[in-house]
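Written below as structure tokens is the structure these notes are about.
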Amino acid sequence: MSSNANSTTTSTRSNEPLLSVDGLRTFIETEREQFPAVDGVSFSVDRGETVCIVGESGSGKSVTCESLTGIVPQPPARITDGQITFDGKRIDGASERELRSIRGDRIAHVFQNPQQALDPVYTVGDQIVEAMTIHGQRSGTSARERAISLLRKVGIPRADDRIDEYPHEFSGGMRQRVAIAIALAADPDLLVADEPTTAVDVTVQAKLIELLRDLTDDDTAILLITHDLRVVASLADSVVVMYGGTIVERGPVDTVFSTPAHPYTQALFDSYDGLSRRNDRSARGELPSDGCRFRAECPYAEPACEGGDQPDFYTLDSDADHSVSCVHFSPDGDPERVLDASTEVHSVSEVSR
Ligand code: SF4
């Protein structure tokens with residue numbers, strides 16, 4: 001994807017994106033049904049870039065990210081298709097052993113609930129040091145010193161003392177910081193963070209956003225899942241909008257915010273109320289099985305939106321890096337280019353306030 005200020009300097013180091021995902025398809029199979037939770041998703045992340053994936057519950061955001069390194073539970077998930085290239089090397093179809101060496105070492109995950117990353121019977125220091133030694137970074141005194149420095153970096157006060165405390169001795173926000181420190185222990189190239197600011201209060205959320213912003217200055221790329229447009233506006237270089245397992249719009253954060261083109265993106269922005277959570281309406285049973293997945297809700301739907309696959313991506317005249325999956329942006333489309341890409345203009349600075 002294209003990138004703005006944060007990634008301009010770093011992406012020149014290599015013309016290849018750090019991560020490239022092409023046509024990813026992951027099915028969820030239960031006794032009652034089988035459906036594509038991720039249906040032909042393609043995007044990329046440059047070195048040092050922050051890409052935010054936004055969308056409602058059930059849109060496929062988390063399954064997409066968990067499919068990258070195979071941490072999505074299989075079964076019930078089954079990755080059936082797609083090409084995933086990381087740092088120039090194909091990793092789709094890699095063995096569990098190969099994926100284990102990439103996880104944590106090159107691609108680290110942070111989850112909404114920090115408990116997923118923390119073991120209650122070990123001190124936080126032991127867990128950070130273990131993350132380093134597993135990935136061959138360092139051991140002994142130098143590992144402990146680096147663990148203290150990581151705790152300081154993520155904003156844990158009195159890190160020299162607190163390194164010997166257990167997870168239950170930390171507040172929820174502090175536990176999330178410790179989880180980020182563990183994720184950073186092996187100095188990953190890409191941090192994949194799934195709603196890391198959802199379970200904490202607004203003050204802690206602001207500090208975590210600041211921390212993640214500092215990380216991008218350190219050249220770590222971030223793939224961030226969030227439903228919160230304020231977080232997107234504060235952090236993202238690029239935005240990927242998902243609905244019903246597919247990407248419907250993608251582009252640089254400035255132009256997606258100022259010219260939200262897909263009717264679903266416009267609905268997300270129109271419902272923005274400071275919390276930015278539209279009522280989740282993408283229950284699987286309501287989604288059309290062909291054509292545009294958003295058809296049942298779309299005020300601009302017409303017969304051309306039915307049948308076949310999800311519409312192709314068309315670039316906007318205003319920005320070749322900004323593209324939308326909607327028939328009205330095809331050469332023969334129109335409906336006033338979906339009301340001239342939203343009459344309600346949003347700026348990044350307005351939303352991030
Ligand atoms: S393709 Fe049709 S149904 Fe889908 S968003 Fe565009 S106008 Fe709406």
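Rg and Dmax, both from the Cα atoms of the range 31-169 and both in Å, are 17.9, 54.
If you take the Cα Rg of the range 142-234 and divide it by 2.2 N^0.38 Å, with N the number of residues, what do you get?
Its radius of gyration relative to the 2.2 N^0.38 Å reference: 1.06.
Taking the Cα centre of the range 36-134 as reference, the dipole from Cβ charges on Lys and Arg (+1) and Asp and Glu (-1) amounts to some 160 debye.
Stretching the chain fully between Ser289 and Asp214 yields a gain of 22.8 nm (0.36 nm per residue, less the alpha carbon separation). Extension gain Ser330-Ser57, at 0.36 nm per residue separation less the Cα-Cα distance, in nm? That works out to 95.4 nm of additional length.
Need one number: convex hull volume per residue for the range 27-102, Cα atoms only, in Å³.
Working: hull volume 7.7 nm³, N = 76.
Spelled out: Cα convex hull of the range 27-102, divided by residues, is 102 Å³.
Placing unit charges on each Cβ (+1 for Lys and Arg, -1 for Asp and Glu) gives the range 113-187 a dipole about its Cα centre, and among Thr141, Val121, Gln176 the Cα reaching farthest toward its positive end belongs to Gln176. Taking the Cα centre of the range 113-187 as origin and assigning +1 to Lys and Arg Cβ atoms and -1 to Asp and Glu Cβ atoms, the resulting dipole is close to 280 debye.
Across all directions of projection, what mean area in square nanometres is found for the Cα convex hull of the range 113-187? Could the numbers behind the result be given before it?
Values: hull surface 17.1 nm².
If I average the Cα hull's projected area over directions, I get 4.3 nm².
Each reported figure results from applying straightforward, stated rules to the coordinates on display, with no laboratory input. Just so it is clear, the structure is predicted and the values come from calculations on it, not from any experiment. All Cβ positions, glycine included, derive from the backbone under ideal geometry; neighbour counts span all protein chains shown.
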